[in-house]
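Below is one structure, written out as structure tokens; the observations come after it.
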Amino acid sequence: MQTRASFRRRFDTDPSTTRKCRELRRYNLTLLAENGGQTHSKCRTLREDCMFDLVVTNADMADGLGNPLRKLDVAVKDGRIAAIGRDLGPARETVDATGLVLAPGVIDVHTHYDAQLTWDSTASPSPALGVTTVVIGNCGFGIAPATPATRDTLLKNLSEVEAMSLDALREGVDWQFDDFGSYLDFIARRGVTPNVASFCSHSALRTVVMGDAGSEREATADELAKMSSLFDEALAAGAIGLGSSTFENHNGYGGIPVPSRLASDDEFRALARVMARHGHGVTMATCGQRSTIPFMEELARLSGRPVIYCPLLDYPTRPEHAPGISAACAEARTRGHAVYAQASCQPLNMNFGLLNAYMLQTIAPWPKAGDKAQHRALFVDPAFRAAFKTSLATPVEGGRIFNGTWHLMEVAVSPTEPALEGRTIEDIARERGIDPVDALLDIGLADDLETTFIVRLLNVDEKRVGDLIADDGNLISLSDAGAHLTLFCDAGYAMHLLGRWVRELGRFSLPHAIRKLTGDPAHIYGIVDRGRIEVGAWADLMLFDPATIHVSRTRRVADLPAGANRLIRSAPGLKGVWVNGVQVFDGEDYVKVTPPGQVLRSFSTAPPTLAMPTAQAAG
């Protein structure tokens with residue numbers, strides 16, 4: 001007969017938890033027989049060792065790898081998946097998931113929670129929308145590194161380019177950090193509900209090294225050397241890569257370009273070579289006209305790491321644009337260079353007023369800054385109106401997300417003319433016998449510039465969008481969660497995919513959609529042991545009803561610092577979310593727990609294989 005010591009040695013080294021439980025049951029019976037049928041203290045100790053923290057029973061399990069659904073139980077212990085099967089054994093908590101789907105939590109690779117996480121551990125509303133891991137620092141709009149002299153510049157630019165309240169940022173951001181590593185240390189100490197990985201911000205690098213000149217000119221050799229050193233330190237401290245932007249619509253405070261737009265191609269090449277020395281990481285860039293796919297491919301070759309082109313969106317007036325980008329990325333991958341694109345599964349709808357008409361600011365002479373009186377003076381000026389109409393009618397190759405699609409723009413809220421609400425600008429202009437530009441400005445002026453409009457800008461044609469997001473080389477993301485807070489809330493993109501594209505349209509099978517939301521982004525970004533349900537993986541999970549899951553309409557709440565408001569959504573049909581085995585959302589509200597998320601600092605160095613040639617290595 002085995003001794004307790006020999007049993008414990010086998011128990012502690014056996015990788016199969018279910019086998020441990022079978023051994024424990026046999027050992028318990030032996031000890032019970034020796035002890036005259038009384039429970040032995042050894043049994044109680046070993047039973048505690050074997051008991052799971054959580055077992056989800058009778059679930060239709062989607063593993064995140066695209067395999068067919070299977071009806072199984074999933075057990076969790078110490079934050080990880082401990083067993084998968086049936087009748088797995090006792091647990092401290094059991095959840096009956098009959099009729100529900102259990103899947104890995106969503107990995108949202110395009111968020112902007114950099115500032116919010118310094119005052120809000122939850123990264124709301126993402127966990128309540130199925131998200132268990134967020135990647136921040138996208139587009140290069142992070143807040144680290146920072147010095148006391150550059151902090152307010154970073155916040156002012158962030159407030160403009162990502163449409164955030166500057167008062168909320170100034171009151172909310174807790175500056176208990178200066179370099180990139182101390183920023184990660186701070187949010188880890190403070191606690192995070194979802195797991196967090198962070199890009200190093202290109203614009204922050206330029207700002208801390210060059211000051212205001214970062215938005216005015218290219219870097220000198222000495223400045224570039226300093227930026228490269230800071231980026232090297234950030235990668236060593238745990239950055240997932242470099243976030244940047246060359247997009248013409250990305251302007252900072254006062255209408256100046258964000259600093260990364262002034263970076264030379266050689267600056268991008270230098271930072272790619274820094275990444276190559278570390279062997280891990282991803283470069284993502286929100287690309288303007290200057291950033292071609294051949295250049296993205298060059299960065300992938302220099303760094304040896306994936307490069308993500310962003311954004312891949314269907315333009316109503318340029319239907320050939322997005323398929324062309326997707327095809328160019330695919331061609332780069334045939335040469336062994338990991339170039340991918342970020343696409344959205346949602347129409348890009350934007351709420352705006354004439355004082356913050358983000359999508360019109362790239363059309364001269366629309367003002368990029370100014371108060372209500374200055375805007376009013378412009379909008380009544382016939383010369384301004386004529387110049388704006390001329391610019392809008394002039395075709396451009398890129399950088400513009402609104403191109404006169406007045407049939408897709410509506411009045412959402414009019415304080416003085418509520419009868420206009422729900423009507424398009426095209427319809428109102430036709431009724432009044434005037435140009436749509438005049439109709440837009442007249443409505444706004446009549447409301448003292450307090451009108452709220454809504455426009456469907458991009459991704460309106462679901463046939464073309466479906467073709468884009470079905471491509472394995474195109475990641476489904478672009479939530480922009482944590483940004484554009486008063487304009488839109490696309491943080492529920494995963495719930496929209498499951499409700500609209502899976503259930504209503506039948507364009508995706510459920511296992512395929514889950515893989516696109518979980519396993520694929522984890523694989524391309526090198527996020528280890530997440531995005532899949534398998535023994536040993538972290539227990540980041542969501543439980544939902546496939547018959548009812550969807551994303552709600554937006555609603556406005558005033559819960560930001562300084563009383564600022566934002567738009568949020570909810571996810572009817574989502575029944576629960578767990579991060580590292582701890583439930584954080586119960587289907588109704590956040591669960592009051594110590595934030596269980598991890599700040600991720602270590603990433604896979606393996607090259608991605610998704611949508612890559614199987615037998616061709618990078619040259």
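The values are calculated or read from the model by the stated rules, or taken from the named source; none is laboratory data. From a predicted model like this one, the values you see are computed outputs, not experimental measurements. Here the Cβ is made from the backbone with ideal geometry for all residues, glycine too, and neighbour counts use every protein chain on show. Accessible surface areas use protein heavy atoms only, side chains included; no ligands, DNA or RNA. Shrake-Rupley method; radii C 1.70, N 1.55, O 1.52, S 1.80 Å.
Side notes on the structure shown:
- Those residues of the stretch 291-315 which are touching a strand residue (DSSP E or B) at 6+ places or on another chain (Cβ under 7 Å) and assigned to a loop (DSSP other than H, G, I, E, B), in sequence order: Ser291, Arg305, Pro306, Leu313, Asp314
- The one condition in (1) touching a Phe, Trp or Tyr at 6+ places or on another chain (Cβ under 9 Å); (2) assigned to a loop (DSSP other than H, G, I, E, B); (3) at pLDDT 95 or above that Thr486 fails to fulfil: (3)
- Those residues of the stretch 95-125 which are among the small types (Gly, Ala, Ser) and in contact with a helix residue (DSSP H, G or I) (Cβ under 7 Å, 6 or more places away or on another chain), in sequence order: Ala103, Ala115, Ser121, Ala123
- Here the condition is being without any contact (Cβ under 8 Å) to a residue 60 or more places away in the chain, surrounded by 18 or more Cβ atoms within 10 Å (Cβ to Cβ) and touching a strand residue (DSSP E or B) at 6+ places or on another chain (Cβ under 7 Å); of Phe141, Phe52, it holds for Phe52 alone.
- Any hit, the stretch 139-161, residues being under 22 Å from Lys516 (Cα atoms) and in contact with a Ser or Thr (Cβ under 9 Å, 6 or more places away or on another chain): yes
- Candidate set from the stretch 237-268 (those that are β-branched (Val, Ile, Thr) and in contact with a strand residue (DSSP E or B) (Cβ under 9 Å, 6 or more places away or on another chain)); member that is nearest to Tyr358 (Cα to Cα): Val258
- Taking the conditions (1) surrounded by 15 or more Cβ atoms within 10 Å (Cβ to Cβ); (2) over 18 Å from Thr451 (Cα atoms); (3) not polar (S, T, N, Q) in turn, Ala364 satisfies each one other than (1).
- From Val131, Val161, Val135, residue being surrounded by 19 or more Cβ atoms within 10 Å (Cβ to Cβ), more than 19 Å from Gly536 (Cβ to Cβ), under 18 Å from the mean Cα position of the chain (by Cα) and at pLDDT below 95: Val161
- Contact map, the stretch 83-107: residues that are at pLDDT 95 or above paired with residues that are of a type in the set (Asp, Glu) and open to solvent by less than 30 Å² (accessible area, probe 1.4 Å), Cβ distance under 7 Å, separation 6+ or inter-chain. Pairs shown: Gly85/Asp73; Arg86/Asp73; Leu88/Asp73; Pro104/Asp540; Gly105/Asp540.
- Restricting the stretch 279-329 to residues that are open to solvent by 40 Å² or more (accessible area, probe 1.4 Å) and β-branched (Val, Ile, Thr) leaves a set whose member that is modelled with the lowest pLDDT is Thr317.
- The residue of the stretch 150-181 that is nearest to Ala213 (Cα to Cα), among those that are outside any helix (DSSP H, G or I) and not charged (D, E, K, R), is Thr150.
- Among the candidates Pro418, Pro382, Pro395, residue that is over 35 Å from the mean Cα position of the chain (by Cα), at pLDDT below 95 and open to solvent by 60 Å² or more (accessible area, probe 1.4 Å): Pro418
- Extreme residue, most open to solvent (accessible area, probe 1.4 Å), among residues of the stretch 244-278 that are farther than 14 Å from Leu158 by Cα and under 21 Å from the mean Cα position of the chain (by Cα): Phe247
- Helices (runs of 4 or more DSSP H) wholly inside the stretch 353-452 that include at least 2 residues being more than 30 Å from Ser291 (Cα to Cα) and acidic (Asp, Glu): 425-432, 436-446
- Filter pass, Arg80 being of a type in the set (D, E, K, R), at pLDDT 95 or above, more than 30 Å from Thr153 (Cα to Cα) and in contact with a Phe, Trp or Tyr (Cβ under 7 Å, 6 or more places away or on another chain): yes
- When each of Thr207, Thr147 is tested for being surrounded by fewer than 19 Cβ atoms within 10 Å (Cβ to Cβ), β-branched (Val, Ile, Thr) and either part of a loop (DSSP other than H, G, I, E, B) or out of contact with any Asp or Glu (no Cβ under 8 Å at 6 or more places or on another chain) (or both), the lone residue that passes is Thr147.
- Tally, over the stretch 67-94, of residues that are hydrophobic (A, V, I, L, M, F, W, C) and out of contact with any helix residue (DSSP H, G or I) (no Cβ under 8 Å at 6 or more places or on another chain): 6
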